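Chemist: Sharing a structure with you now.
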Ligand SMILES: CC(C)(COP(=O)(O)OP(=O)(O)OC[C@H]1O[C@@H](n2cnc3c(N)ncnc32)[C@H](O)[C@@H]1OP(=O)(O)O)[C@@H](O)C(=O)NCCC(=O)NCCS
């Protein structure tokens with residue numbers, strides 16, 4: 001009986017530690033410095049209050065075309081936000097709302113999303129994903145946010161064996177290919193089409209410590 005009670009106490013302690021760890025991770029805020037032509041970025045976990053801007057961003061057909069889970073209405077938005085929170089709680093998926101930095105944090109516009117997806121057993125690698133709201137494209141936001149996410153991912157999980165990050169985009173997604181190139185994710189190979197995407201993909205990989213300083217283009221460099 002005492003052994004059962006001890007096991008229950010230990011189980012509760014492990015669960016408590018996991019909950020505490022998730023809470024610590026959920027409090028993480030990342031930053032990307034301003035450039036000569038663009039303000040700084042703040043990356044923080046998504047919250048329920050982001051439903052409106054999320055829905056607005058997903059009105060864009062280009063975003064719908066290149067993402068798996070379109071957000072079409074309030075219900076989709078709520079489901080999407082729950083999935084992001086669950087990701088942080090399970091320690092499997094870490095997504096960040098990217099906001100334009102400004103004097104009033106409460107009024108900072110949503111400009112992008114970046115996400116780190118750990119494989120089941122981690123197995124040394126994880127995937128990154130991203131999108132930028134239609135109105136904010138072409139200002140180097142995705143590369144700067146991916147760079148911040150990459151640094152955080154290696155800084156946080158390299159001790160757990162993470163040594164490479166993968167990025168996959170459909171072959172005809174040239175804008176995404178440019179993001180990969182600008183952030184030092186080297187082209188690795190062509191992948192077969194993966195439903196629901198109809199065309200083949202590009203796999204790009206960035207290795208921990210192998211890649212030198214950020215390869216962001218001149219106009220994207222911090223000023
Ligand atoms: C791919 C994507 C994230 C790029 O984000 P971004 O913040 O605009 O990134 P950048 O500013 O570095 O622009 C990247 C490329 O987009 C293209 N681009 C430039 N201005 C653009 C604009 N106003 N609108 C669309 N694309 C533009 C250019 O090819 C640019 O490359 P360049 O800098 O060599 O000219 C964005 O286009 C997007 O959200 N697309 C839809 C979702 C998606 O494809 N996600 C990735 C799935 S793998």
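The values are calculated or read from the model by the stated rules, or taken from the named source; none is laboratory data. In this text, all values refer to a predicted model and were calculated from it rather than measured experimentally. Reconstructed Cβ throughout: ideal geometry from the backbone, glycine too, with neighbour counts over all protein chains shown.
Chemist: Working only within the range 58-78, note down all residues that are outside any helix (DSSP H, G or I), more than 20 Å from residue 135 (Cβ to Cβ) and without any contact (Cβ under 8 Å) to a residue 24 or more places away in the chain.
Modeler: Result: 69, 73.
Chemist: Among the residues of the range 118-150, which ones are over 16 Å from residue 205 (Cβ atoms), surrounded by 17 or more Cβ atoms within 10 Å (Cβ to Cβ) and more than 6 Å from the ligand (Cβ to nearest atom)?
Modeler: Within the range 118-150, 133, 136, 144, 145, 148 qualify.
Chemist: Taking strands (runs of 3 or more DSSP E) that fall entirely within the range 105-200, which contain at least 3 residues that are more than 20 Å from residue 32 (Cα to Cα) and at pLDDT 95 or above?
Modeler: 164-170, 186-191
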